[in-house]
Amino acid sequence: MTSIAPGASPSVEARQLVKKYGVVTAVDGVSFAVQRGEIFGFLGANGAGKTTTLRMLCGLLTPTSGTAVIDGIDILKDPLSVKARMGYLDEEPFVHPHLTGREFLNFVADLYRMPRGAQREQRMERLLGLFELANRDGELIGAYSHGMRQKIGLASLLIREPSVLLLDEPTNGLDPRSARLVKDLLEELASRGTTVLLSTHILEVAQALCRRVAIIDRGRITATGTMDELRAQAGSEQASLEELFLKLTAGPESRELIERLLA
Ligand code: ATP
């Protein structure tokens with residue numbers, strides 16, 4: 001796991017976030033804080049409440065109660081200031097199927113009023129080159145593979161250099177080389193001060209990138225901290241992140257379920 005400068009003020013704060021859908025409480029009092037320049041992992045099983053939490057933190061969903069604070073700004077009070085400094089990658093990236101990758105990046109850059117000119121062109125070309133999309137000019141995004149859509153989605157955030165990145169499963173659907181590229185890129189951005197909050201099912205990604213993680217289980221945080229803190233909490237000194245994850249998220253053992261199925 002990587003290290004961060006101590007003593008920095010929180011860049012992302014979830015304060016007692018609750019989201020109810022009718023009788024379903026998807027998120028039930030989630031709180032954590034991510035420091036500036038930190039890569040923080042948000043882990044949980046399918047349906048645990050990760051996407052719902054991230055969508056509240058980026059302003060796409062209004063919490064039933066609780067507060068999302070980005071760089072000290074309450075997102076409900078000043079959503080536009082938060083939007084200007086944040087990049088959010090949804091689990092299904094928002095991309096425009098009828099544009100080429102280059103057109104889409106220009107579209108996003110225009111939306112965010114980035115001045116046209118050589119600097120913007122250069123950044124766009126570098127991003128397209130980095131994600132191996134530079135030679136796809138004849139193709140519309142609608143014809144892209146899932147991994148390519150993921151990459152153009154990431155590029156569309158990075159073109160405007162946000163100081164906070166909220167990424168829902170950023171390596172989902174990426175081949176090993178692209179996944180490695182994204183990991184290296186996030187490490188480099190964090191070392192330059194970008195805050196990264198990422199949700200993932202891939203525990204190696206979290207273990208390699210994140211100094212601290214939070215584990216969410218059925219809408220509630222069951223553990224937050226460094227690997228050592230999680231091990232202490234679970235009472236297993238030598239446990240891997242996978243073992244900790246399984247211990248800190250409830251549910252019958254898979255062996256038991258398999259035996260029941262095959263009985
Ligand atoms: P996954 O890893 O599978 O993407 P997740 O941890 O991101 O899961 P969420 O998508 O946040 O989980 O869902 C949390 C819970 O809220 C689930 O029980 C889900 O069925 C429920 N939920 C999410 N969105 C809605 C909705 N629009 N209406 C009703 N229930 C919803």
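The values are calculated or read from the model by the stated rules, or taken from the named source; none is laboratory data. Predicted model, so just to flag it, every value in this text is computed and none were measured. All Cβ positions, even for glycine, are placed from backbone atoms using ideal geometry, and neighbour counts span all protein chains on display. Keep in mind that these areas ignore ligands, DNA and RNA; they rest on the heavy atoms of the full protein, side chains included. Shrake-Rupley method; radii C 1.70, N 1.55, O 1.52, S 1.80 Å.
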Place a +1 charge on the Cβ of each Lys and Arg in the range 1-103 and a -1 charge on the Cβ of each Asp and Glu, then give the dipole magnitude about the Cα centre in debye, rounded to the nearest 20.
120 debye
For Lys77 and Asp184, what does the FRET efficiency come to when R0 = 35 Å and r is the distance between their Cβ atoms, rounded to the nearest 0.05?
0.45
Enter the Cα centre distance for the pair the range 151-196 and the range 94-142, rounded to the nearest angstrom.
16 Å
Hits among lysines - C-alpha to C-alpha of Lys77 under 30 Å, sequence gap 8 or more where chains match:
Lys19, Lys20, Lys50
Taking the Cα centre as origin and putting +1 on Lys and Arg beta-carbons and -1 on Asp and Glu beta-carbons, what dipole magnitude results for the range 70-203, to the nearest 20 debye?
360 debye
Most mobile listed residue (Pro63, Pro115, Pro79) in the chain, GNM with C-alpha springs under 10 Å:
Pro115
If R0 = 51 Å, then Asn46 and Gln122, at their Cβ-Cβ distance, give a FRET efficiency to the nearest 0.05 of 0.80
Could you look at the chain and say what percent of its accessible area is carbon and sulfur, using a 1.4 Å probe and all protein chains?
51 percent
Rounded to the nearest 20 debye, what is the charge dipole size of the chain about its Cα centre when +1 sits on each Lys and Arg Cβ and -1 on each Asp and Glu Cβ?
620 debye
Helix-only [θ]222 nm of the chain, DSSP H runs n ≥ 4, -39500 (n - 2.57) each, per residue, nearest 500:
-11000 deg cm²/dmol
For 69-76, 212-219, ranked highest to lowest by mean beta-carbon neighbours within 10 Å, the order is 212-219, 69-76
Quickly rank 195-204, 177-186, 81-90, 137-146 as a protection proxy: mean count of other C-beta atoms within 10 Å, highest first.
195-204, 81-90, 177-186, 137-146
C-alpha long axis of helix 118-130 to longest principal axis of the chain, angle in °:
50 degrees
Over the C-alpha atoms of the range 75-146, what are the Rg and the largest Cα-to-Cα span, Dmax, in Å?
13.8, 43
Using the heavy atoms of the protein chains and a 1.4 angstrom probe, tell me the accessible area per residue for the range 1-143 in square angstrom.
51 Å²
Tell me the Kirkwood hydrodynamic radius of the range 120-253 in angstroms, computed as one over the mean inverse distance between distinct C-alpha pairs.
16.7 Å
Any idea what angle helix 176-191 forms with the longest principal axis of the chain, computed on alpha-carbon atoms, 0 to 90 degrees, nearest 10?
90 degrees
Contour minus Cα-Cα span, Arg177 to Ala232, at 0.36 nm per residue, comes to 16.4 nm
Counting only Cα, what are the radius of gyration and maximum Cα-Cα distance Dmax of the chain, in Å?
19.1, 67
